[in-house]
Amino acid sequence: MKRTGVFVCHCGINIAGTVDVKKVAQELIKHPGVVHAEDYVYMCSDPGQNLIVQAIKEKKLSNVVVACCSPTLHETTFRKASGLAGLNAYRCEIANIREQCSWVHKEKDKATQKAIKITKSAVEKVHRNESLEAVSVPVTRKALVIGGGIAGIQASLDLANSGFDVILVEKSPSIGGHMIQLSETFPTLDCSQCILTPKMVEASKHPKIRLMTYCEVQDVSGYVGNFKVKILKKPTYVDPDKCNLCDECTKVCPIVVPSEFELGLTGRRAIYIPFPQAIPASYTLDINACPGLLPIACGKCADVCEAKAIDYDMKPQIIEEEVGAIIVATGYDLYDKENMAEYGYGKYPDVLDGLQFERLCSASGPTRGQILRPSDHKEPKEVVFIQCSGSRDPENHCAYCSKICCMYTAKHAMLYKHHVHDGQAYVFYIDIRSGGKGYEEFVQRAIEEDGVVYLRGKVSKVFEDKGKLKVWGVDTLTGKHIEIAADMVVLAQAMRPAKGAQELAKKLKLALDKDGFLAEAHPKLRPVESVTSGVFLAGAAQAPKDIPEAVAQASGAAAKAVAVLSQERLYHSPTVAKVIPTLCTGCGMCVQVCPYDAIALKDDKAEVNEVLCEGCGTCSATCLRAAIQVKNLTLSQVHDMISACLGG
Amino acid sequence: MAEEFEPKIVAFLCKWCSSAGSDMAGVSRMEYPPNVIPIQVMCSGSVSPLYIFTAFNKGADGVLVSGCHPGDCHYIKGNYYARRRIYFVKKLLEFIGLEPERFQMSWVSAAEGTKYTQVIKDFVKELKPLGPQAKLRRNP
Amino acid sequence: MANFEDLKEEARKLLREGKIKYLIGYGTGGNGWQAIPVFIKTPEDVEKLVWDPTCVHNLARFLVDEKRRKARQKQPDKRPVGVVVKGCDSRAIVVLLQEKFIDRQDIYVLGVSCEKAGVIDDHKLARKLGGKKPKKIELAADRFLITTADGKVEFPVEELLAERCLECQANFPVLYDILAGEKTRKAVDKPFGSVEKIEALGQEERWRFWKEQLDKCIRCYACRSVCPMCYCDECVVDSINLAVTADTTAEEKAHKVKWIQRSAESSENFVYHLVRAIHLAGRCIDCGECERACPLDIPLRFLNKKLEKEAKELFGYEVGFDPAQPPLISSFKDDDPGDFIR
Amino acid sequence: MTLEISSGKMMDKILEKKSLPLWMEKLNAWTVYAPRKDENERWNYEIIDHAPASLELAVTTLPAKALIFPQREVFLEFSKTIEGNRETLEVREVLPNGKPFVIFGVRPCDARAIWLLDRVFGGDFTDPYYWKRRSQASLIGLACHTPPWENCFCLSVEGSPHGEEGLDILLTDLGDSYYVKTLSTNGEKLVQAARELFKEPQPDDKKKVQARHAEARKKLVRGVKGTKKERAAALQGLFDSSLWDEESMSCIQCGICTYLCPSCHCFDINDEVDSISPLRGKRVRTWDNCQFPDFTMHSSGHNPRPDKASRLRQRVLHKFRYFVENFDQVMCTGCGRCISLCPVGIDIIKVLDKVSNHGA
């Protein structure tokens, strides 16, 4: 027999102001199954909660409905209170009569009538609620970090230092990401490599971190606390333990291809080490460039290698690992050259992107830190920097702001001036966004101390003219047409999600935002969590950000992961799908629609994995025979709620 | 003078976007007509055609199904299934001669309190001239 | 090319060698001219098999019974069942396979092509014969030869063909183990012509049309009973729609939900037929049996045909051609139409 | 409970066909039903606005039963009001009301079926709802001069093409006139309402009638073997026979044979709740039938008639054995609907032939 208690909250005057709470209680006590109804000024207050606890005990209530604010606010509060009184938490339901009633209506009688219906509907729902216990699962106390850039490295270190094993997977031969390519970093102008390499070394030496470079995540299954991952280890054909870095192999290698690390400003051999401080410090044989692994094809590198480190028979390996949490830090790529034809990017050798310019400035770069034109190795006397190249242009390119370009362009202009004192730097900008510690001062320094000319306006065209790069633009402040004959043009290319991030997102069942960056669970309150529980986001994979932000988010993600890994067991909402075998015919439609692969067919009947199920109920709407329904939100419950809503 | 007809509307709101969106409307104290009784479901993908027919059968003058925008579904793809399913329900109801205005679907995100308010206002406005829904209603 | 006699020979062989349990086919009914379903167990009885334009029934329906029967038996006979199918019936089998309700190895399909014709509509026939009863109906090229008490009469096929056959574009089995007749696709200029007629009506006219029709319904459920796709053990709209299990409490039984009332009132009839139609979206193969079985002549086929039309035109979904195809409602495309959404 | 049968003083009459419409128009104290053919050559009873020129032998899809024992019938309405902690439950019985009605052109077999239903609903326990309607109804039968369709077999089940059971008036078609035989005081009233239209029969009219009737009996080709007792006996031993499995193979479990049967009368009673708070609803009787799987479903989930064989068996046994045992009548009047309208051509005559062969 149902014994339901209804508790109507005034919320001060927030509810009572427009809803006649006494009347709601009076009407509800008449409702079948309701044995207790009262109103109180603040149900969420301790005395308010005590009312509920007492009523449950004294009137032996079997269900509780609290008519108050949105369940997102106090559902937990009142379920805990019910629990205290010995009532199963899932026998307590909330009727939202504030956000969805009192706050949006003015006429008291109408609002009251609506509140009554909302509350009756909640009563009808709770009448078919079953007592449930949270689903619990053990936790694999190990984390997977995908991406070996600064964010991935930071997250791995934080996790490892918290005492958890970490697998750090990087698809290229070395960790370091884009940060290792930078020359100096704004706003302090300290050397990027100098601050990053110590972290890289720490990561590679850390007893709890397993570095897996030249590897890719191939498949992810399982769920929070219990993921199963398949990692593809691509063959490097070089045994890092034997290799003594004598560099003889590259000398004999006949093949030269553009260097990824130098962004094509120089070449590298088919067998190569990406950069001197690469970690792991070892060579990789690029099978796509190599004429062939057979001695008859070439085989020179193997011949010269005294350490016998080169092994042509190395095969791709699939490594299976179990982890409890995953951090995705796949970073960014720059917007494709092809898209910037109007700026001659990719067409003229002296039109560069930001990263290429970083390499020119870098002491370890192809020009040993001298800024020279790639075309003729002359020192450029006039350099035009174009901001928002591909950003903030919804019509033709990316709608969003890539956030860091204002700052690094200022840095580039400044570095250029430091290298070429008699040179002139122009910056075309839409507007300057220099929010951040010391950022605005940094930009001012570029303008005032280094005399960088900032021109507010968009560049319409860049074309070659008598060995110069003609830059056409408009100064929107003076309205004057501007033409600059530059020796070099540097484009602040938009940031895009790293190539392959999308496929990875599919494997991890992550959502992407409209621009293809990984979507966070909540834009404000859950910025480092993904929509899949147990998977966290760090760095530019989630949105364009600068180094300090990436590092901060990485530590945040690590902290979130620690919160998972430090649990003995994990608890999962029990309002999951439930199969009614006598109705199920095993058509498998629920299996197909389930977003979480939580349903499988066993002996021609659907079977729900309660840990994977998130309780979305898409299966129940798809099932033609009501053979799969979500606990405590069954078809029957909705049927009764509908009647109640319509005054039935 | 006869009292103006007040349509009864049942709105199936997904928990993560549309219900949150209507909460947002509340938090921002936006005003809209009290004709709608919301039923919170986990996902628009969980709204069975049975719910819709039953609502009309039990006397709803209008039914609204509202979910997350495409691509924003909290459950990744539930709203895509909803979009397909609801399309067929809508076409079927129109085919048997129910006024198309009586059954609506909308995408309302957690941030779109204004949009939710507008959707309800428009819905009520369109239903008023139609009068009570008697076609599928038990003993009207 | 095999003909119906070859098909019978194959049937005899199968039964003689015990390759099939029994054969579901068409025989001659009590009135001597109308085909009825027959269940052939011996090679001798194969002689009873007939194939003529009165073979309206969708015999795939009986595979559902067979599955139930098997489920009840302690040691069920595992051999496949033979079934004679027309084009539409074979598509029903495809859907049953698609929904994993039956296994391919449990059936032996003897396909018969309708070869540009199809089956007759007994109302059209009754009108033509004005009360006279036929003795025999044959198909001769593009004409039906009808023998009555007072001699033979002839009609062009299109004058007697069931509407669904006139609108059928693939009137040959899409799946079979042996096929009688040729796979002849026929060109249909208006595959949804009948539905379009109703779509063309104004909204209130449409309402009046359906109200007049569905008010006739007495809920004998012949439409549901004759439908091979309505294989649910319990229909969602039935009063018993409550799976009774060991832990079902008396209270739950007492408070079980009635989605519709048993009263054959307008509103309840509408909800029943709406639910049925929506549950057949992407599943109905337009065998027209619901409409034929209906003793009150409610044009139920239109409801299903309407959704078939939408599925084809908007989602490019065709029912019953590929068992591997994901069902219409358990799949989606990112660019499914959404312009009806606010 | 029975109906008032004729005082015996009644005279047979002659009505010219051309006067039939006039008669119908005169019956404004009654709601007048007559069979009408739709575009699909199917007959239905309709309330007639303008009278048809003549009556044809019509097999209506729904038998006259449907007008006296409707698919849905409200027994009572209930509602509960709560004031403070005082609950008051109000129950209001709903009896059929409305003016008396007359059904023209009833086939004798359909009338006989109603005569059988009278035994069920007016036997030891009187069903007020049925009876209220029944007492408002007058049935004017039209004798079959030839079987209206191929599956008639009334003669073999104690019926007749010119049977009088259940009728208030029997009309026999004599070419350009009807021979009007009045069978009850209701019938008398109907004739009285337009007495000027009726003529006295000629001496040889009775002979013509007998000839017409004899002709009809001759033309009746189909029939079930044996007497009701023999059949009931034959069915005794067949409860567990495999015959039912074979005969039910093609049955699809629809309700056509029973819902359209003039004598089937199984029903279900449900409370249709329109509102739970405040409680408001109706208690409703609707047709039910033994071919539906849920007909015998227990709330435990157990179903004593688990398969279609047991359900087909029930239909045959009820009609040809149990009813004979209980009422000494066959609950089948040979109208042929269940045969002609069965979507899969199950033929009860053939089933019964198999039964008697088994018995032999």
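Tabulated values for the structure
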item: Compactness of region A:17-136 - radius of gyration and Dmax, Cα, Å; result: 13.7, 47
item: Tensor-based shape of region A:1-53 (alpha-carbon gyration tensor, a/c under 1.5 rounded, otherwise prolate or oblate); result: oblate
item: Selection of trypsin sites (Lys or Arg not before Pro), region A:332-381, meeting DSSP coil and at most 10 other Cβ within 10 Å; result: A:Arg368
item: In order through region A:452-464: 3J(HN,Hα) via Karplus (6.51 cos²θ - 1.76 cosθ + 1.60), integer Hz, x for Gly, Pro; result: 6, 8, 9, 10, 7, x, 9, 8, 8, 7, 10, 8, 7
item: Within straight-line cross-link reach of A:Lys560, aspartates and glutamates at Cα separation under 17 Å, skipping those fewer than 8 residues along the same chain; result: A:Asp158, A:Asp165, A:Glu520, A:Glu529, A:Glu549, A:Glu568
item: Cysteines in chain C lacking a second Cys C-beta under 4.7 Å; result: C:Cys55, C:Cys114, C:Cys165, C:Cys168, C:Cys217, C:Cys220, C:Cys232, C:Cys235, C:Cys284, C:Cys294
item: Neighbour-count order for D:Ser299, D:Ser340, fewest beta carbons within 10 angstrom listed first; result: D:Ser299, D:Ser340
item: Cα-based Lys proximity count in region B:9-130, under 24 Å, for pairs eight or more positions apart or on separate chains; result: 22
item: Cβ charges +1 (Lys, Arg) and -1 (Asp, Glu), total dipole of chain A, debye; result: 2120 debye
item: Computed [θ] at 222 nm, helices only, for chain A once each DSSP H run of length n ≥ 4 contributes -39500 (n - 2.57); result: -8000 deg cm²/dmol
item: Karplus (6.51, -1.76, 1.60) ³J(HN,Hα), θ = phi - 60°, over region A:392-404, in Hz, Gly and Pro reported as x; result: 6, 9, x, 5, 9, 10, 8, 6, 8, 8, 7, 6, 9
item: In region A:558-615, GluC sites (Glu not before Pro) in a DSSP loop with at most 14 other beta-carbon atoms within 10 Å; result: A:Glu568
item: Rounded to 5, the percent of DSSP beta bridges in the protein assembly as shown classed as antiparallel; result: 55 percent
item: Lys/Arg +1, Asp/Glu -1 at C-beta; the protein assembly as shown dipole; positive extreme among A:Ala563, C:Ala162, D:Met297; result: D:Met297
item: Range in chain C, longest, excluding exposed GluC sites (Glu not before Pro) [loop by DSSP; at most 14 other beta-carbon atoms within 10 Å]; result: C:18-181
item: Residue-averaged [θ]222 nm for chain C, counting only DSSP H segments that reach four residues, each worth -39500 (n - 2.57); result: -9500 deg cm²/dmol
item: Share antiparallel - DSSP beta bridges, chain A, percent rounded to 5; result: 50 percent
item: Over chain D: helical MRE at 222 nm, DSSP H runs n ≥ 4 each giving -39500 (n - 2.57), nearest 500; result: -8000 deg cm²/dmol
item: Derived scalar couplings ³J(HN,Hα) [region A:243-257; Karplus, 6.51 cos²θ - 1.76 cosθ + 1.60; whole Hz; x for Gly, Pro]; result: 4, 10, 6, 5, 6, 5, 4, 5, 4, 8, 5, x, 9, 10, 10
item: Part-to-part distance (alpha-carbon centres) for region B:3-72 and region A:135-184, which is given in Å; result: 44 Å
item: Ratio of Rg to Rh over region D:128-181 (Cα coordinates, Kirkwood Rh, two decimals); result: 1.06
item: For A:Arg268, residues with placed amide H under 5 Å, excluding near neighbours; result: A:Val257, A:Ser259
item: Whole-angstrom gap from region A:27-93 to region C:1-64, using each part's C-alpha centre; result: 67 Å
item: Loop-located GluC sites (Glu not before Pro) in region A:431-521 whose Cβ has at most 13 other Cβ within 10 Å (DSSP); result: A:Glu449
item: Global geometry of chain D, whether rounded, prolate or oblate, following the gyration tensor of its Cα atoms and the 1.5 cut on a/c; result: oblate
item: Candidates C:Asn304, C:Asn31, C:Asn171, ranked by Gaussian network fluctuation over chain C, Cα under 10 Å, top entry; result: C:Asn31
item: Quarter of the Cα convex hull surface for region C:190-323, i.e. its orientation-mean projected area (nm²); result: 10.1 nm²
item: For region D:151-207 versus region D:288-360, the gap between their alpha-carbon centres in whole angstrom; result: 33 Å
item: The protein assembly as shown: C-alpha gyration tensor shape, a/c 1.5 cut-off, then a/b vs b/c; result: prolate
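Values quoted throughout were computed directly from the atomic coordinates according to the rules given, and no laboratory measurement underlies them. Computed from a prediction, not measured in an experiment: that's the story for all the values here. Virtual Cβ from ideal backbone geometry, glycine too; neighbours counted across all protein chains shown.
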